[in-house]
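Below is one structure; the comments refer to it alone.
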Amino acid sequence: MKSLEDLKKLREQALKKVEMREGGKDYRVVVGMATCGIAAGARPVLNKLVEETANNNYNCTITQTGCIGMCVYEPIVEVFDKNEGHTTYVHVDPDKAIKILEEHIGKGNIVEEYTVEAARKNEGK
């Protein structure tokens, strides 16, 4: 840090991160970060969600949770909206995380092919 301007930028970045973890947004995005989720790759997914949300001002908070109870589907990302709607995305990687932000958070369109329902339908095939 070399100037007051650098300090202001650092403060602004920190405030954005805090804002993403607190309420007041239309969506809450939750990443399963229990041992099974981390082992399956949830940490890069969480990092990508935080990074993309900060860079693109998506109207959501990003949080993490422990076990969601569906280890076979990890990494899991759940999206909750203000109307108590709930979507569970499974086998999420950083690229899928970006698409979830763009489509679901940005445009309000659920990415059906990434949902737990789609994964369950494809299990028998």
Lone unmet requirement of (1) farther than 24 Å from residue 123 by Cα; (2) free of Cβ contacts under 8 Å to residues at least 24 places away in the same chain for residue 69: (1)
Mind checking whether some residue in the stretch 3-16 is surrounded by 11 or more Cβ atoms within 10 Å (Cβ to Cβ), among the small types (Gly, Ala, Ser) and part of a helix (DSSP H, G or I)? no
Restricting attention to the stretch 86-125, the residues that are in a strand (DSSP E or B) and farther than 24 Å from residue 51 by Cα number exactly 0
Which residue, of 96, 82, is touching a strand residue (DSSP E or B) at 6+ places or on another chain (Cβ under 9 Å) and either exposed (fewer than 15 other Cβ atoms within 10 Å of the Cβ) or on the phi > 0 side of the Ramachandran plot (or both)? 82
Criterion violated by residue 113 - all others in (1) without any contact (Cβ under 8 Å) to a residue 12 or more places away in the chain; (2) under 20 Å from residue 35 (Cβ atoms) satisfied: (2)
Would you confirm whether any residue within the stretch 27-47 is at pLDDT 95 or above, under 17 Å from residue 111 (Cβ atoms), more than 11 Å from the chain's Cα centre (by Cα) and assigned to a helix (DSSP H, G or I)? no
When only residues in the stretch 48-62 that are free of Cβ contacts under 8 Å to residues at least 24 places away in the same chain and more than 20 Å from residue 109 (Cα to Cα) count, which is surrounded by the most Cβ atoms within 10 Å (Cβ to Cβ)? 51
Name the residues in the stretch 68-85 that are in contact with a helix residue (DSSP H, G or I) (Cβ under 9 Å, 6 or more places away or on another chain) and in a loop (DSSP other than H, G, I, E, B), would you? 68, 70, 74, 75, 76
Restricting to the stretch 74-108, count the residues that are closer than 17 Å to residue 25 by Cα and not β-branched (Val, Ile, Thr). 15
Inspect all residues belonging to the stretch 79-86 and state whether any of them is of a type in the set (A, V, I, L, M) and within 21 Å of residue 119 (Cβ to Cβ). yes
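The values are calculated or read from the model by the stated rules, or taken from the named source; none is laboratory data. Quantities reported herein were computed from a predicted structural model and do not represent experimental measurements. Neighbour counts are summed over all protein chains in view; Cβ atoms, including those assigned to glycine, are modelled from backbone coordinates with ideal geometry.
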